[in-house]
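In what follows, a single structure is set out as structure tokens and then discussed.
The values are calculated or read from the model by the stated rules, or taken from the named source; none is laboratory data. Worth saying up front: this structure is predicted, and the values here are computed from it rather than measured. A quick note on method: Cβ atoms are made from the backbone with ideal geometry, for glycine too, and the neighbour counts reach across all protein chains shown. Surface accessibility is based on the protein's heavy atoms, side chains included, excluding ligands, DNA and RNA. Shrake-Rupley method; radii C 1.70, N 1.55, O 1.52, S 1.80 Å.
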Amino acid sequence: CHNLAYVDTPNITKIGIKAFTKCNSLNNISFPKIVLIDDSAFEDALGITEIKLPTVKTISQCAFRQCINLVIIDFKKCKRIDDNAFENCYQLSSINLPKLKSLGSRSFANTAIKEIELNSLINYHYEIFENCHKLAKITMKNSLSIEESMFNLCKNLVYVDAPKVTKIKDFAFST
């Protein structure tokens with residue numbers, strides 16, 4: 001799919017494993033009824049810069065991993081993002097996930113996120129934001145712990161709003 005640039009499939013609800021992996025010309029996707037994006041579906045798709053999927057509920061592991069030109073994601077109904085989903089999306093800086101409840105390990109490691117609100121988040125794993133050098137502020141109103149290496153190497157982190165946290169695990173904020 002080296003030359004595939006645009007996909008418009010208005011009735012699709014699931015994208016399968018590695019469906020668009022390494023589709024480097026793909027830069028415009030429209031899936032208005034999508035609910036699930038499976039493992040590595042868009043991994044290494046270098047042309048994608050922005051994704052707005054208002055109905056997606058689950059992003060599986062490595063789904064957008066190494067989409068190095070991805071800047072914006074907007075998933076208003078997404079409840080679950082699995083391991084490594086956006087890892088190494090070096091330009092990713094704008095994220096809208098108001099309903100997110102579950103976040104897998106290393107899901108946003110090595111991104112350019114500056115600020116994020118995850119106030120619905122209740123289930124999450126280690127190293128989520130590891131090496132996010134630009135991350136300065138995070139809000140997690142319902143989280144009960146800061147997981148192992150969750151903010152490891154986040155050198156610009158200055159503010160964490162997590163009023164329900166009762167436990168901070170090993171290497172949570174280490175540099």
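Show the residue pairs meeting these rules: Cβ distance below 6 Å; 6+ apart or different chains; first residue within the range 133-152 and closer than 17 Å to Asn119 by Cβ; second residue open to solvent by 10 Å² or more (accessible area, probe 1.4 Å) and small (Gly, Ala, Ser).
Met140/Ala162; Ser143/Ala162
So which of Asn152, Asn142, Asn119 ends up being out of contact with any Lys or Arg (no Cβ under 8 Å at 6 or more places or on another chain), polar (S, T, N, Q) and either farther than 20 Å from Lys76 by Cβ or in a loop (DSSP other than H, G, I, E, B) (or both)?
After ruling out the rest, the residue left standing is Asn152.
Can you run down the residue pairs with Cβ atoms below 8 Å, 6 or more apart or on separate chains, where the first is in the range 161-174 and open to solvent by 100 Å² or more (accessible area, probe 1.4 Å) and the partner is of a type in the set (Phe, Trp, Tyr)?
none
Taking Ile138, is it in contact with a Phe, Trp or Tyr (Cβ under 9 Å, 6 or more places away or on another chain) and either open to solvent by 80 Å² or more (accessible area, probe 1.4 Å) or over 20 Å from Gln66 (Cα atoms) (or both)?
Spelling it out, Ile138 is indeed in contact with a Phe, Trp or Tyr (Cβ under 9 Å, 6 or more places away or on another chain) and either open to solvent by 80 Å² or more (accessible area, probe 1.4 Å) or over 20 Å from Gln66 (Cα atoms) (or both).
For (1) modelled with pLDDT of 95 or more; (2) over 28 Å from Leu144 (Cα atoms), each residue gets a yes or a no:
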| residue | (1), (2) |
| --- | --- |
| Cys1 | no, yes |
| Thr9 | no, yes |
| Ser30 | no, yes |
| Glu43 | yes, yes |
| Gln61 | yes, no |
| Leu70 | yes, yes |
| Lys77 | yes, no |
| Asn88 | yes, no |
| Leu103 | yes, no |
